[in-house]
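All remarks here apply to the structure that follows.
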Amino acid sequence: MSLSSASTNTTVTSGRTWICSSMGQKTIVALTGIILVLFLFGHLLGNLTIFLGSDWINSYAQHLKDWSPLLWTVRVILIVAVILHIYFTMLLWNRSATATPRKTVFRTHIQTSVFSRTIRLSGLVVFAFVIFHLAHFTWGLVQPEYAHLNTPQGQHNVFEMMVYGFRNPYIVGFYMMGLALLAFHLSHGIGSLFQTLGISNRRLQPVFHMAGRWIAWLLFAGYVSIPLSVFFFGLGKDLVK
Ligand code: HEM
């Protein structure tokens, strides 16, 4: 065997070993988590243009459509990130389920916070929420009567879709629950990812956990401001239908 093929083999084997180790798998969960949180910030900023008026949010949505290579690049990155995030989380569950001796389960329960205990369940519910959300706004299946409205200029009328959508109390309730569970999920997830990536230490860990909670609930406040403003505070009240 030549020297170069031996070294390639070592790299491949060590890469494979890394990805099979708990550290490697946690790192992938953490990095994909960072990508998803970045998306959440970008998506929130785009959505908040609703407060600037219908022209703003409609042209923002139109720009995204016009830059379709960029849109599809982001979509592919998101889909890959979601798949890897879920797949490696499941591998880690499996690993901890087979590695945890039964008698330590009680102790682990006491030592962990409510956020870390709910992270698996909240993760599943967040996934279900995202599917519902795509069915609602992207695929137009939940309220089809509002999904295909156009502006006089022929743009997709995202403003009206959101305002009419959030006049429905069930839809608002559903979003509130989904977004609250997302915040619970992020509260623990963001705090732990610094530890996973080795950036944290015993002294900094509480700081990162607090920062994680702030980021999670800041995102929550930003997102819920939209349905609540429509439902309770008359955002888009000039629209009659
Ligand atoms: C009140 C909260 C939210 C509002 C008002 C909102 C609004 C929207 C709208 C209007 C679209 C469709 C854009 C279009 O087709 O032109 C959309 C797409 C999307 N939203 Fe949200 N969103 C919210 C929360 C979230 C959350 C919390 C997540 C993720 C956990 C999320 C993930 C997505 C994704 C993945 C898409 C598809 C983007 C694409 O077309 O590729 N959204 N959202």
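The values are calculated or read from the model by the stated rules, or taken from the named source; none is laboratory data. All of these numbers come straight from a predicted model, not from anything done at the bench. Cβ placement follows ideal geometry from the backbone for every residue including glycine, while neighbour counts extend to all protein chains displayed.
The table for this structure:
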| read-out | value |
| --- | --- |
| Residues satisfying the stated conditions in segment 132-155, i.e. aliphatic (A, V, I, L, M), within 10 Å of the ligand (Cβ to nearest atom) and either modelled with pLDDT under 95 or within 24 Å of Ile83 (Cβ to Cβ) (or both) | Leu134 |
| Meets criteria (out of contact with any Lys or Arg (no Cβ under 6 Å at 6 or more places or on another chain) and at positive phi) for Gly140 | yes |
| Selection within segment 60-81 - under 20 Å from Gly154 (Cβ atoms) and either free of Cβ contacts under 8 Å to residues at least 12 places away in the same chain or more than 11 Å from the ligand (Cβ to nearest atom) (or both) | His63, Asp66, Trp67, Ser68, Leu71 |
| Residue among Leu193, Leu182 that alone is within 14 Å of the ligand (Cβ to nearest atom), closer than 18 Å to Ile119 by Cα and in contact (Cβ under 8 Å) with a residue 60 or more places away in the chain | Leu182 |
| Per-region count, segment 199-231, residues among the hydrophobic types (A, V, I, L, M, F, W, C) and buried (at least 16 other Cβ atoms within 10 Å of the Cβ) | 10 |
